[in-house]
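A.B. asks: Have a look at the structure that comes next, please.
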2 protein chains.
Amino acid sequence: MLLRWSPYTLELRQPFTTATQSRTATPAMLVELEHEGLIGHGEASMPPYLGESEASATAFFTAAARLLAGRSDPFLLEDVLREIDSLAPGNTAAKAAIDIALHDWVGRRLGAPWHRLWGLDPARTPVTSFTLGIDTPEVVREKARAASEYRLLKVKLGRDSDRALISAIRSVSSTPLIVDANQGWTDREDALRQIEWLATQDVRLVEQPFARDRLEDTAWLRERSPLPLFADESCQRLSDVPRLAGVFDGINVKLMKCTGLREGRAMITVARALGLKVMLGCMTETSCAISAAAQLSPLVDWADLDGALLIRNDPFEGTRIVDGKVTLTDLPGIGIVRRSDVCQPSAVSR
Amino acid sequence: MLLRWSPYTLELRQPFTTATQSRTATPAMLVELEHEGLIGHGEASMPPYLGESEASATAFFTAAARLLAGRSDPFLLEDVLREIDSLAPGNTAAKAAIDIALHDWVGRRLGAPWHRLWGLDPARTPVTSFTLGIDTPEVVREKARAASEYRLLKVKLGRDSDRALISAIRSVSSTPLIVDANQGWTDREDALRQIEWLATQDVRLVEQPFARDRLEDTAWLRERSPLPLFADESCQRLSDVPRLAGVFDGINVKLMKCTGLREGRAMITVARALGLKVMLGCMTETSCAISAAAQLSPLVDWADLDGALLIRNDPFEGTRIVDGKVTLTDLPGIGIVRRSDVCQPSAVSR
């Protein structure tokens, strides 16, 4: 198997602001896995705050390419992905890129999209939320108006101006909201009061109220909260899931954190068995990684798969959002085609 | 989709004796799922003590055939199998027959065996145990000698003569043993002493020491036992798995109890995430259900898939046991062919 990769800068349509930072682009890597004349596509999206970079991904892909060059059967996902995961700690986005490319290759070889190989009904995809970045009330009102085609909006909270932000949205839109505190809250009584108010604003769930390790405070809040609490930063990998039962009401599965589709699917299975709800999330990503995640979406309760909508230079076509709903293609693998007007990865594997 | 079924009596090569009963045949049902000219095979094995029968299976298949007649896509396993499961409580073997037939159909349509669709390496299959029924020391010695090709023997315990039985085997064989108490032990101190002795006889694990609901006694025993304890009767369905972590060391997954491959695979995923080991077991079954279970076997620690070796009228060829090891075929679906000299299911669906 031959692995190729090249850096790709995701240009954001609007600056993206959360409680801790603001940016206008996200670095990514596009990868291709070639074997027997067939190519599978993958992608690593690397928002800087998560610690991966072009340099770290290049180092990881170099080692992975060496490993894959010695393997002749992309179908052996269980073993190959375990070995890829063992190459180095972290590097979860780079690992996800390889997982996605391998899945794309296998699905293309079988002539079937993964939602079909997993036995899922493509009609059962959820609506996706659309994220409104933090901004002035005027701009947020404008963004909320412009997002009228979506049936669920997401807002990043964790600032003093949170209620003003929600009120600004509610002045122009009655679309249900989900909110992401991004670990931004510190006092649990304050958090409870905030959630009680949010519940009066047709907010449907709260992501990651406290710092990732504050599970005891989260369990305290969950017992009292009128809204379900979902783990994001507290839930990176499959091994995090068991301890979150009884602490959160659900988990947010993101391919870039959990190393890809194979582990992501296992996380959904385990979460369900432990009574946890599941949300499928993303970074800013092209239609490559979004379409991969969307293959899993008939299995989840909530989707937050707006990543490709936020960029202006998407090199792929695949899953689309139609009337606010995740809409799968019939294309094999992860269900994408490359747009012909964008150049291909050119870096060579070693 | 068209479902056909017919009763089939599995004739045992030797009478099969456990702590509670003895028999010379096992009733089964063979099913065929036909769609677009392609046929998938399935099987329900129904040892009488589990409560299913030709009558109960016929009633279930009649209802299932009606449901399947209204569905046009066997690939939609997630929804179809949920609906099949919801038709009636229990009937787990009948449900497994349909799950197996659907998987066989889908794999045949894709032209790939399920171990391949699941990304598993067929070289990673485990050795299987071979079960020696309870009998006189003379007969057991003879059986143990005759089983010299196997690398793991299984013995059903739970009688006063347990130690004499083990000693009889050890007088002629040094093959490692696993033992199944089949809920037969009642006193926990006695059980611990028995296990401590068994550990001196190269016994590798103990299945189901106490009655299925005695989880507290089992956890007590596990803390003290030199051998790992595996759940069999305590673990029927996926929903049983979470509460067994910390009580047992592992679970025994059997398709006839858990409704088939789809739920069985989920049980393995959940067990692993909770730190439980996994064993894949069976009833007396033809090579149809055994080959289906064997597709999962690269994922497990122990296999007890000798069911088809115990019958004299196997209508299928598929997974074989070679030098004691589960050996998968490259055939698509569940990996079987029907032997031409055996007649086919003739009952019609309604």
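A.B. asks: Restricting attention to the stretch A:154-163, does a residue exist that is touching a His at 6+ places or on another chain (Cβ under 6 Å) and either in the same structural domain as A:PHE210 (by TED's automatic domain parsing) or of a type in the set (S, T, N, Q) (or both)?
C.D. replies: No; the residues of the stretch A:154-163 include none that is touching a His at 6+ places or on another chain (Cβ under 6 Å) and either in the same structural domain as A:PHE210 (by TED's automatic domain parsing) or of a type in the set (S, T, N, Q) (or both).
A.B. asks: Examine the stretch B:41-50 for a residue that is outside any helix (DSSP H, G or I), in contact with a Leu (Cβ under 9 Å, 6 or more places away or on another chain) and within 14 Å of chain A (Cβ to nearest Cβ), and state whether such a residue exists.
C.D. replies: No, the stretch B:41-50 contains no residue that is outside any helix (DSSP H, G or I), in contact with a Leu (Cβ under 9 Å, 6 or more places away or on another chain) and within 14 Å of chain A (Cβ to nearest Cβ).
A.B. asks: So if I check each of B:GLY281, B:GLY318, B:GLY275, which one is under 18 Å from B:ARG151 (Cβ atoms), assigned by TED's automatic domain parsing to the domain that holds B:ARG124 and free of Cβ contacts under 8 Å to residues at least 60 places away in the same chain?
C.D. replies: None of the others qualify; the one that does is B:GLY281.
A.B. asks: Sticking with this one: Scan the stretch A:83-100 for residues that are crowded, with 19+ Cβ neighbours inside 10 Å and more than 16 Å from the chain's Cα centre (by Cα) and jot them down.
C.D. replies: Scanning the stretch A:83-100 gives A:ILE84, A:ASP85.
A.B. asks: Hey, among the residues in the stretch B:94-109 that are more than 22 Å from B:LEU299 (Cα to Cα) and touching a helix residue (DSSP H, G or I) at 6+ places or on another chain (Cβ under 9 Å), which one's nearest to the other protein chains (Cβ to nearest Cβ)?
C.D. replies: So the residue we want is B:ILE98.
A.B. asks: Next question, about the same structure. Of the residues A:ASP217, A:ASP232, which single one is modelled with pLDDT of 95 or more and more than 15 Å from the chain's Cα centre (by Cα)?
C.D. replies: Of the residues listed, the single one that is modelled with pLDDT of 95 or more and more than 15 Å from the chain's Cα centre (by Cα) is A:ASP217.
A.B. asks: Which ones in the stretch B:72-95 are touching a strand residue (DSSP E or B) at 6+ places or on another chain (Cβ under 9 Å) and of a type in the set (Lys, Arg)?
C.D. replies: Listed by number, the list holds a single entry, B:LYS95.
A.B. asks: Tell me yes or no: at least one residue of the stretch A:238-261 is among the basic types (Lys, Arg) and within 14 Å of chain B (Cβ to nearest Cβ).
C.D. replies: Looking for residues that are among the basic types (Lys, Arg) and within 14 Å of chain B (Cβ to nearest Cβ), one finds at least one in the stretch A:238-261, hence yes.
A.B. asks: Looking at the stretch A:123-137, which of its residues are touching a helix residue (DSSP H, G or I) at 6+ places or on another chain (Cβ under 8 Å) and either at the interface with chain B (Cβ under 9 Å from one of its Cβ atoms) or more than 22 Å from A:ASP304 (Cα to Cα) (or both)?
C.D. replies: The answer is A:ARG124, A:PRO137.
A.B. asks: Follow-up. If B:ARG262 satisfies every condition in (1) in contact with a strand residue (DSSP E or B) (Cβ under 7 Å, 6 or more places away or on another chain); (2) of a type in the set (D, E, K, R); (3) closer than 18 Å to B:LEU77 by Cα but one, which is the exception?
C.D. replies: Checking B:ARG262 against (1) in contact with a strand residue (DSSP E or B) (Cβ under 7 Å, 6 or more places away or on another chain); (2) of a type in the set (D, E, K, R); (3) closer than 18 Å to B:LEU77 by Cα, the one that fails is (1).
A.B. asks: Might you let me know whether the stretch B:136-146 holds any residue that is within 30 Å of B:VAL203 (Cα to Cα), out of contact with any strand residue (DSSP E or B) (no Cβ under 6 Å at 6 or more places or on another chain) and basic (Lys, Arg)?
C.D. replies: Among the residues of the stretch B:136-146, at least one is within 30 Å of B:VAL203 (Cα to Cα), out of contact with any strand residue (DSSP E or B) (no Cβ under 6 Å at 6 or more places or on another chain) and basic (Lys, Arg), which makes the answer yes.
A.B. asks: Right, next: Can you confirm whether the stretch A:144-155 contains a residue that is assigned to a loop (DSSP other than H, G, I, E, B), within 14 Å of chain B (Cβ to nearest Cβ) and not small (Gly, Ala, Ser)?
C.D. replies: No, that holds for no residue.
A.B. asks: Consider the stretch B:213-242. How many of its residues are part of a helix (DSSP H, G or I), in contact with a helix residue (DSSP H, G or I) (Cβ under 7 Å, 6 or more places away or on another chain) and either outside the structural domain of B:ARG188 (by TED's automatic domain parsing) or of a type outside the set (A, V, I, L, M) (or both)?
C.D. replies: 4
A.B. asks: Among the numbered criteria (1) farther than 30 Å from A:VAL241 by Cα; (2) surrounded by 16 or more Cβ atoms within 10 Å (Cβ to Cβ), which single criterion is violated by B:ASP160?
C.D. replies: Exception for B:ASP160: condition (2).
A.B. asks: While we're here: What residue, among those in the stretch A:269-299 that are within 12 Å of chain B (Cβ to nearest Cβ) and outside any helix (DSSP H, G or I), is surrounded by the fewest Cβ atoms within 10 Å (Cβ to Cβ)?
C.D. replies: Taking the candidates together, the pick is A:GLY275.
A.B. asks: What are the residues in the stretch B:56-83 that are in contact (Cβ under 8 Å) with a residue 40 or more places away in the chain and not small (Gly, Ala, Ser), if any?
C.D. replies: Correct list: B:THR58, B:PHE61, B:THR62, B:ARG66, B:LEU68, B:ARG71, B:PRO74, B:LEU77, B:GLU78, B:LEU81.
Residues are listed down the side, and each one gets a yes or a no for (1) more than 27 Å from B:GLY275 (Cα to Cα); (2) modelled with pLDDT under 95; (3) in contact with a Phe, Trp or Tyr (Cβ under 6 Å, 6 or more places away or on another chain):
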{"residue": "A:GLY158", "(1), (2), (3)": "yes, yes, no"}
{"residue": "A:LEU192", "(1), (2), (3)": "yes, no, no"}
{"residue": "A:ALA199", "(1), (2), (3)": "yes, no, no"}
{"residue": "A:PRO228", "(1), (2), (3)": "yes, no, no"}
{"residue": "A:VAL247", "(1), (2), (3)": "no, no, no"}
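A.B. asks: Further question: So which of B:PRO137, B:PRO74, B:PRO89, B:PRO48 ends up being under 30 Å from A:ALA112 (Cα atoms) and either in the same structural domain as B:THR269 (by TED's automatic domain parsing) or not aromatic (Phe, Trp, Tyr) (or both)?
C.D. replies: B:PRO74
A.B. asks: Related question: Test A:VAL80 against the stated conditions and say whether it is among the β-branched types (Val, Ile, Thr) and within 29 Å of B:ASP73 (Cβ to Cβ).
C.D. replies: no
A.B. asks: Being over 15 Å from the mean Cα position of the chain (by Cα), surrounded by fewer than 24 Cβ atoms within 10 Å (Cβ to Cβ) and touching a residue at least 40 places away in the same chain (Cβ under 8 Å) is the filter here, so list the residues in the stretch A:37-51 that pass it.
C.D. replies: Scanning the stretch A:37-51 gives A:LEU38, A:ILE39.
The values are calculated or read from the model by the stated rules, or taken from the named source; none is laboratory data. No experiment lies behind these values; they were computed from the predicted model shown. Using ideal geometry, Cβ is built from the backbone for each residue, glycine included, and neighbour counts are taken over all protein chains shown.
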